[in-house]
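The values are calculated or read from the model by the stated rules, or taken from the named source; none is laboratory data. Here the structure is a predicted model, which is why all the values come from computation and not from measurement. Because the Cβ atoms are built from the backbone with ideal geometry, glycine has one as well, and the counts that use them run over all protein chains shown.
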């Protein structure tokens, strides 16, 4: 049963250290959505492990932890697992939320709280572009994705190909754990791009666990907080006489992900 929070501000803890580099953007996203976010170095959390019990949402942001040595996210996941397994288990046993974005997705998959694995992009190259995404499954009840049917976010990764065997895929589908799939949409059509850039099995871009409370995805919602960050911005804006569209503060599609997380506890 979802718990009602007595405080007006939900507390979010955002992991940092050893090459994670999207902490500030993720903090901005959660606080724009109405939460109260703290950035915590993994060593500080290891020194005071009970700190985790004071938070409602745990976020693993993007970056290149440990320089992707031994495989993206694996070294950071091992450090977390070796020192904070008990605390993570207790955190997940409560009515809490977890998100892993890009390198964070790789970390929580390596931690074993999400199924499947992530490996090198099929073309062997680092990818930096936008993708169109579709919410998979009519019965998807994840609080992270409430009210969303399709969305577009940027990606930036070298090891973003999600791999899973057929049996595991059937289990994911049956349990409504496939969150996002790469799909041909407005951005891909506008820029003449393929839908699935990294070759992920079954076009999977994000997955769920713990009844949708744990969410891992390769695209970056925290980099889609303003409409002018989208490649469609120049297409949809009228160009003034001086030649460039004017910036505005209209919120982008990424904000909804973080709003959904905060609203889950209201």
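Numbers below:
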| read-out | value |
| --- | --- |
| Qualifying positions in segment 130-145 - at pLDDT 95 or above and out of contact with any strand residue (DSSP E or B) (no Cβ under 6 Å at 6 or more places or on another chain) | 143 |
| Condition broken by residue 202, with the remaining ones in (1) closer than 21 Å to residue 147 by Cα; (2) modelled with pLDDT of 95 or more satisfied | (1) |
| All positions within segment 124-144 that are surrounded by fewer than 23 Cβ atoms within 10 Å (Cβ to Cβ) and under 29 Å from residue 17 (Cα atoms) | 124, 125, 126, 127, 128, 129, 143 |
| Conditions (1) part of a helix (DSSP H, G or I); (2) touching a helix residue (DSSP H, G or I) at 6+ places or on another chain (Cβ under 6 Å); (3) closer than 21 Å to residue 266 by Cα: number failed by residue 27 | (2) |
| Hey, residue 212 part of a loop (DSSP other than H, G, I, E, B) and within 23 Å of residue 88 (Cβ to Cβ) or not | yes |
| Residue among 71, 116, 62 that is surrounded by fewer than 24 Cβ atoms within 10 Å (Cβ to Cβ), touching a residue at least 40 places away in the same chain (Cβ under 8 Å) and in contact with a helix residue (DSSP H, G or I) (Cβ under 7 Å, 6 or more places away or on another chain) | 116 |
| Set 190, 153: member being over 30 Å from residue 70 (Cα atoms) and either touching a strand residue (DSSP E or B) at 6+ places or on another chain (Cβ under 8 Å) or surrounded by 14 or more Cβ atoms within 10 Å (Cβ to Cβ) (or both) | 190 |
| Test: residue in segment 21-34 that is surrounded by fewer than 22 Cβ atoms within 10 Å (Cβ to Cβ), within 26 Å of residue 158 (Cα to Cα) and at pLDDT below 95 | no |
| Residue check for residue 109: surrounded by fewer than 23 Cβ atoms within 10 Å (Cβ to Cβ) and over 19 Å from residue 223 (Cα atoms) | no |
| Candidate set from segment 88-106 (those that are part of a helix (DSSP H, G or I) and touching a residue at least 40 places away in the same chain (Cβ under 8 Å)); member that is surrounded by the fewest Cβ atoms within 10 Å (Cβ to Cβ) | 92 |
| Residue in segment 41-59 that is more than 18 Å from the chain's Cα centre (by Cα), part of a strand (DSSP E or B) and either surrounded by fewer than 22 Cβ atoms within 10 Å (Cβ to Cβ) or without any contact (Cβ under 8 Å) to a residue 60 or more places away in the chain (or both) present | yes |
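Here's the yes/no breakdown for (1) more than 19 Å from residue 105 (Cβ to Cβ); (2) in contact with a strand residue (DSSP E or B) (Cβ under 7 Å, 6 or more places away or on another chain):
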{"position": "41", "(1), (2)": "yes, yes"}
{"position": "46", "(1), (2)": "yes, no"}
{"position": "54", "(1), (2)": "yes, yes"}
{"position": "66", "(1), (2)": "no, no"}
{"position": "77", "(1), (2)": "no, no"}
{"position": "83", "(1), (2)": "yes, no"}
